[in-house]
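Engineer: Take this structure, written in structure tokens, and hold onto it; I'll ask about it next.
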Amino acid sequence: MRSYKSVPEVGVSNLVLKPGELTREALLARVDNGLHVSQLTGLNTVNPVSGEFSLGLTGHWIEHGQLTTPVKELTVAGNVIALLKKVVAVASDLRFMFAGGFCGSPTVLIEELPVGGL
């Protein structure tokens, strides 16, 4: 993909994750203590060769299945392939967004991921 002001680069277009059977609320109910990520920043820094990433995030703490305290300016790091292997549940709430191309994703529950700035 490219814009009028750049050379071609790796990008996302027409990516859709298949929705699961759980409602978003049922998926969140599985989490006793965790983090709900509502926004990521720095997606353009994901290494397209190795899959390594370090991203800023904004969201809410999850306590006993409920969204609680808002959080911002945290960092999450890892590898895209390793991250996908840690998906344990997918909700049915498919939403679409424009991120350089149209992408769709339901809420996804990930087993664990290193988060900095706590």
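The values are calculated or read from the model by the stated rules, or taken from the named source; none is laboratory data. The structure displayed is predicted, hence computed values, not measured ones. Here Cβ is always computed from backbone atoms with ideal geometry, including for glycine, and neighbour counts include all displayed protein chains.
Engineer: Under 7 Å between Cβ atoms, at least 6 apart or on separate chains: pull out the pairs that start in the range 68-89 with a residue that is farther than 10 Å from Phe53 by Cα and end on any residue that is assigned to a strand (DSSP E or B) and among the aromatic types (Phe, Trp, Tyr).
Structural biologist: Thr68/Trp61; Thr69/Trp61; Val71/Trp61
Engineer: Would you check if Gly42 is of a type outside the set (Asp, Glu), in contact with a strand residue (DSSP E or B) (Cβ under 6 Å, 6 or more places away or on another chain) and either buried (at least 17 other Cβ atoms within 10 Å of the Cβ) or touching a residue at least 12 places away in the same chain (Cβ under 8 Å) (or both)? Don't jump to the end; show me each part of the working.
Structural biologist: Numbers: of a type outside the set (Asp, Glu): yes; in contact with a strand residue (DSSP E or B) (Cβ under 6 Å, 6 or more places away or on another chain): yes; either buried (at least 17 other Cβ atoms within 10 Å of the Cβ) or touching a residue at least 12 places away in the same chain (Cβ under 8 Å) (or both): yes.
It is true that Gly42 is of a type outside the set (Asp, Glu), in contact with a strand residue (DSSP E or B) (Cβ under 6 Å, 6 or more places away or on another chain) and either buried (at least 17 other Cβ atoms within 10 Å of the Cβ) or touching a residue at least 12 places away in the same chain (Cβ under 8 Å) (or both).
Engineer: Considering only residues of the range 2-45 that are in a helix (DSSP H, G or I) and either at pLDDT below 80 or among the small types (Gly, Ala, Ser) (or both), which is farthest from Leu74 (Cα to Cα)?
Structural biologist: Going through the range 2-45, the residues in a helix (DSSP H, G or I) turn out to be 24-29, 43-45.
Next, only the ones that are either at pLDDT below 80 or among the small types (Gly, Ala, Ser) (or both) stay: 26, 29, 43-44.
Values: Ala26: 26, Ala29: 23, Leu43: 14, Asn44: 17 Å.
Ranking the qualifying residues of the range 2-45, first place goes to Ala26.
Engineer: Report, by residue number, each residue of the range 61-92 that is charged (D, E, K, R) and either in a strand (DSSP E or B) or under 12 Å from Leu28 (Cα atoms) (or both).
Structural biologist: Going through the range 61-92, the residues charged (D, E, K, R) turn out to be 63, 72-73, 85-86.
The answer is Glu63, Lys72, Glu73.
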